[in-house]
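Colleague: For reference, the structure I am asking about is given below.
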Amino acid sequence: MARTLTVSRVTVNPQAEPEYLDTLGQLAARRQSRGQSFWLFRHPTQSDTFLEFSESGSLPVERSARDEVEAALEARLRLLAAYAPEAELLWQEVSFSPR
């Protein structure tokens, strides 16, 4: 099964950043316990802008493994940060042979 990657561009009010990072950390820890990966990058000149990367084995597995706690953490993040319209776009891995 192809891996999936979700990339979300996020803007966070500086006053909300500590709670955003804490909430994201809780969510990432829960996902990592299931073998999913999560990364966060900050824009070098726009300190309130981030990219969230979430990788999993497949979309059905990722979505079916969510529980009430994760749903609540995701809802909290939506209150703390402004997500770009394409935040839910998923990308699927493509296999190729290096030449």
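Colleague: Using 0.36 nm per residue, how much length does the chain from Ala29 to Ala84 gain when fully extended, once their Cα-Cα distance is taken away?
Modeller: Working: separation 55, 0.36 × 55 = 19.80 nm, distance 2.35 nm.
Between Ala29 and Ala84, full extension yields 17.4 nm more.
Colleague: Across the Cα atoms of the chain, what radius of gyration and what greatest pairwise Cα-Cα distance (Dmax) are found, in Å?
Modeller: For the chain, the Cα radius of gyration and maximum Cα-Cα distance read 14.3, 49 Å.
Colleague: Separate question: For a label point 7 Å from the Cα of Thr11 along Cα→C-beta, name the residues of the stretch 63-93 whose backbone N is under 16 Å from it.
Modeller: Within reach of a label on Thr11: 78-87.
The numbers here are math on the coordinates, done by the rules we state, and not lab data. Worth saying up front: this structure is predicted, and the values here are computed from it rather than measured. Glycine also receives a Cβ, built like all others from the backbone with ideal geometry; neighbour counts cover every protein chain displayed.
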